[in-house]
Amino acid sequence: MTIMKSEPRSTENETLPVSLADIERAADRIRGRVTRTPLVPSAFLSGKARQPVHLKLETRQPIGAFKLRGATNAILALDPAARERGLVTASTGNHGRAVAYAAQALGIPATVCMSSLVPANKVEAIRALGAEIRIVGVSQDDAQDEVERLVKSRGLTPIPPFDHADVVAGQGTIGLEIVEDLPDVATVLIPLSGGGLAGGIAVAVKALKPQARIIGISMERGAAMYASVAAGRPVAVREEETLADSLGGGIGLSNSVTFPLCRDLLDDIVLLTEDEIAAGIRHASHEEGEIVEGAGAVGIAAILAGKVELIGPTAVILSGSNIDARVHRHIIEGGAA
Ligand SMILES: *Cc1c(COP(=O)(O)O)cnc(C)c1O
């Protein structure tokens with residue numbers, strides 16, 4: 001299942017919500033506060049694809065995922081009064097960790113709202129990063145309602161996970177680093193959920209390398225951006241359990257930043273089965289020596305499944321490593337997805 005576009009997409013003559021200049025400014029802001037990650041060649045995947053394939057190791061960020069880039073940039077872009085009042089989010093995944101980590105590093109208070117159903121290990125991981133925890137209600141929606149209450153009552157600043165120009169610009173710094181390290185990059189494979197990662201990288205890479213192809217990769221089970229691009233407007237999809245849990249969730253029906261970026265700049269979106277994602281996790285561990293979560297494995301998985309045609313030097317984003325240790329062991333021992 002793919003959306004094929006005949007013409008290469010470019011950033012020329014279009015007014016997009018994020019520009020190359022925004023991303024260059026973000027790179028200056030976050031320098032020294034996030035890791036400049038390595039881009040390493042994969043002998044196995046290069047042989048299989050008959051093209052040089054390189055892996056961008058966002059797994060090496062301090063919180064184990066790229067989201068530190070966007071959160072750090074968005075927080076540094078706030079005015080001093082807003083910073084002092086503090087930040088709030090409802091994410092308990094990689095975005096929540098990123099906000100908590102960046103806030104602690106900058107000495108800014110952060111509150112993470114979560115429902116009573118969030119597992120204790122996730123609560124403790126965020127508490128350990130210094131965030132104040134507020135447990136409210138029994139669903140993610142209840143936690144999000146609490147965020148909105150705290151924004152109104154205490155003037156806290158919400159840091160959204162993807163649909164925000166400063167967050168997207170922060171994620172886009174990955175694109176600058178790829179072009180610096182692999183100047184003849186021709187294809188970039190990017191895990192796709194809300195589209196902050198893919199949108200930001202696409203702006204940077206297409207501005208510097210207009211011929212490069214940018215391919216988003218999601219799971220078949222609940223691919224909200226794929227369904228939205230296909231429909232021509234943001235749509236909701238049913239959420240389903242998936243190994244690529246960091247790719248779950250909607251894009252927001254009033255999405256204003258990442259939907260237009262993904263619609264206009266992605267050359268294709270590829271969808272994967274759960275077994276294909278499991279094979280990607282397994283390959284990353286056995287052949288590349290990398291622990292990746294399901295979302296972080298989809299680029300490798302798409303190559304192994306033969307679902308992407310690679311033309312020229314290719315960069316594959318390994319977006320994160322935060323997978324439950326037992327699930328990881330089960331998968332690498334060959335267990336079913
Ligand atoms: C958030 C996340 C993604 C998807 O990023 P979007 O900006 O929502 O598309 C991919 N991989 C990991 C590990 C993530 O945490």
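The values are calculated or read from the model by the stated rules, or taken from the named source; none is laboratory data. Fair warning: this is a prediction, and the values are worked out from it, not measured in the lab. As a convention, Cβ positions derive from the backbone with ideal geometry for all residues, glycine included, and neighbour counts pool all protein chains shown. Accessible surface is based on the protein model in full, side chains and every heavy atom, while ligands, DNA and RNA are left aside. Shrake-Rupley method; radii C 1.70, N 1.55, O 1.52, S 1.80 Å.
Before moving on, here are some points about what is shown:
- Counting DSSP beta bridges with both ends in the chain, the antiparallel % (nearest 5): 15 percent
- Per residue solvent-accessible surface (Å²) - the chain, probe of 1.4 Å: 41 Å²
- Selected from Ile277, Ser42, Ile133, residue furthest toward positive end of dipole (the chain; charges at beta carbon): Ile133
- Of the solvent-accessible surface of the chain, computed with a 1.4 Å probe over protein heavy atoms with every protein chain present, carbon and sulfur atoms account for 49 percent.
- Each Cα pair under 8 Å and six or more residues apart adds its separation to the average, and for the chain the resulting relative contact order is 22 percent.
- Amide H partners (placed H, <5 Å) of Val316, local residues excluded: His54, Leu55, Lys56, Leu189
- Rel. contact order, % - alpha carbon contacts under 8 angstrom, at least six apart, segment 10-62: 31 percent
- Largest first, the residues Val235, Val40 sort by 1.4 Å accessible area into Val40, Val235.
- With 10 Å bins from 0: P(r) over segment 67-158, alpha-carbon pairs, percent: 19, 54, 26, 2
- Most to least accessible of Arg69, Arg149 (protein chains only, probe 1.4 Å): Arg149, Arg69
- Counting only Cβ charges, +1 for Lys and Arg and -1 for Asp and Glu, the dipole size of the chain around its Cα centre is about 540 debye.
- With bins 5 Å wide beginning at 0, the percent of Cα pairs of segment 223-337 falling in each bin runs 2, 12, 20, 21, 19, 14, 9, 4, 0.
- Between Arg238 and Val151, full extension at 0.36 nm per residue minus the direct alpha carbon distance yields a gain of 28.5 nm.
- Here segment 67-158 is treated with +1 on each Lys and Arg Cβ and -1 on each Asp and Glu Cβ, and its dipole about the Cα centre works out to around 240 debye.
- Distance (nanometres) between label positions extended 7 Å along Cα→Cβ at Leu253 and Asp275: 3.7 nm
- Cβ-based net charge around Ala279, under 12 Å, with every Lys or Arg adding one and every Asp or Glu removing one: -2
- Taking the charge dipole of the chain about its Cα centre, with +1 at Lys and Arg Cβ atoms and -1 at Asp and Glu Cβ atoms, the residue from Thr111, Pro260, Val168 reaching farthest to the positive side is Thr111.
- Rounded to the nearest 20 debye, dipole of segment 149-220 from Cβ charges on Lys, Arg, Asp, Glu: 440 debye
- Length added when fully stretched, Leu117-Arg329, from 0.36 nm per residue minus Cα-Cα: 73.9 nm
- Once C-alpha pairs closer than 8 Å and six or more residues apart are averaged by separation and normalised to the residue number of segment 67-158, the relative contact order reads 32 percent.
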